[in-house]
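Report on the structure given below.
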Amino acid sequence: MTLRVRLADTAGFCFGVKRAVDMVYQEAETSNNVYTFGPIIHNESVVNDLESKGVNVINDVLEIKDNDVGTIIIRAHGVPKKTLDAMESCKVKVVDATCPFVRKIYNIVTSQGNEGRDIIIIGSDTHPEVEGIKGWCNTKVYVVESEEEANNLELADDKPLCIVSQTTFNHIKFKNIVDIITSKAKDVMVVNTICNATKERQEEAYKLAEESDVMLVIGGKNSSNSQKLYNICKDKCKNTFFIQNAKDFDFSILDNYNSVGITAGASTPNNIIKEVFDLCQKKVLNNY
């Protein structure tokens, strides 16, 4: 029995994450006292490597307020406007690595709020990206994560609405939630702000899981988009495993199956994906 191993084309860093990580490494090479506001991505190996290069994580602007020199980097998730204003009032250099697709949402919610629309964000209320988006809203804002929450949502009568989404949200759930909300309100502007890379990654994972005996989803334990990939794959392949790296998986499990699919979240470095893929390929050679 020969094991077939397939790696998703979309596995690994998305554009926004790669851009942010590259910006931090560049600053680490040229500057002293470099900070990221929160972990630059939800991946411990990257955060630890940056720490070894002198990049520290802070979670409050007050931690650097009295510093005369240094650089603070805003991660791809972005920050609320009041946090950005507080950073810019400090003496340190501010490098904004907010994903351009997230920044686009800021512009949408601000302009639509100015037009008198309340804002509905479809996503996780505690996710840093959503926290950032809320901080750019200048009118009433709701956060909805599930169909149940959408059904229970109480809206102001005849108030026009604008719906946006966390960029990494499940695109099928987004459509279902939008359908519920639009059935309850008269004037709803819907802007699907799920980034194309997320949609493609989720669709490819779904198809790969359908065709595989085993699915490996590689991602950081705190990575929201990786967890969504896991849930999508688990629906189609009961033998789906969520791992952070190769050490988390017993590769002898593959001896009992014909095919394995591999995908990874947007914050998973290529070297971790390659190690998992290579070990799966090693099983192929050993069993040949």
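The values are calculated or read from the model by the stated rules, or taken from the named source; none is laboratory data. All values derive from a computational prediction rather than experimental measurement. Quick reminder, even Gly has a Cβ in these numbers, built from the backbone with ideal geometry, and neighbours come from all protein chains shown.
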Condition check for Ser212: farther than 20 Å from Phe13 by Cα and free of Cβ contacts under 8 Å to residues at least 12 places away in the same chain: no
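Part of a helix (DSSP H, G or I), of a type in the set (Ser, Thr, Tyr), within 22 Å of the chain's Cα centre (by Cα) and within 27 Å of Thr198 (Cβ to Cβ): does that describe Tyr142?
Values: part of a helix (DSSP H, G or I): no; of a type in the set (Ser, Thr, Tyr): yes; within 22 Å of the chain's Cα centre (by Cα): yes; within 27 Å of Thr198 (Cβ to Cβ): yes.
It is false that Tyr142 is part of a helix (DSSP H, G or I), of a type in the set (Ser, Thr, Tyr), within 22 Å of the chain's Cα centre (by Cα) and within 27 Å of Thr198 (Cβ to Cβ).
If you go through region 61-89 one residue at a time, how many are of a type in the set (D, E, K, R), assigned to a loop (DSSP other than H, G, I, E, B) and at pLDDT below 90? Outline the logic, then answer.
As a first pass, look at region 61-89 and keep what is of a type in the set (D, E, K, R): 63, 65-66, 68, 75, 81-82, 85, 88.
Okay, now just the ones that are also assigned to a loop (DSSP other than H, G, I, E, B), so 65-66, 68, 75.
Still in the running and at pLDDT below 90: 65-66, 68.
The number of residues fulfilling the criteria is 3.
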Candidate set: region 11-26, residues that are surrounded by 24 or more Cβ atoms within 10 Å (Cβ to Cβ) and out of contact with any helix residue (DSSP H, G or I) (no Cβ under 8 Å at 6 or more places or on another chain); chosen: the one nearest to Val57 (Cα to Cα): Ala20
Test: residue in region 179-197 that is surrounded by 18 or more Cβ atoms within 10 Å (Cβ to Cβ) and more than 27 Å from Asn138 (Cβ to Cβ): yes
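Any idea which of Lys234, Lys238 is at pLDDT 95 or above, surrounded by fewer than 19 Cβ atoms within 10 Å (Cβ to Cβ), over 18 Å from the mean Cα position of the chain (by Cα) and part of a helix (DSSP H, G or I)? It would help to see each step written out before you state the result.
Working: Lys238 fails: part of a helix (DSSP H, G or I).
It is Lys234.
Which ones in region 259-272 are closer than 16 Å to Phe241 by Cα and either surrounded by fewer than 24 Cβ atoms within 10 Å (Cβ to Cβ) or of a type in the set (Ser, Thr, Tyr) (or both)? It would help to see each step written out before you state the result.
In the first step, residues of region 259-272 are kept if they are closer than 16 Å to Phe241 by Cα; the result is 259-265, 268, 272.
Answer for region 259-272, where residues must be closer than 16 Å to Phe241 by Cα and either surrounded by fewer than 24 Cβ atoms within 10 Å (Cβ to Cβ) or of a type in the set (Ser, Thr, Tyr) (or both): Ser259, Ile262, Thr263, Thr268, Ile272.
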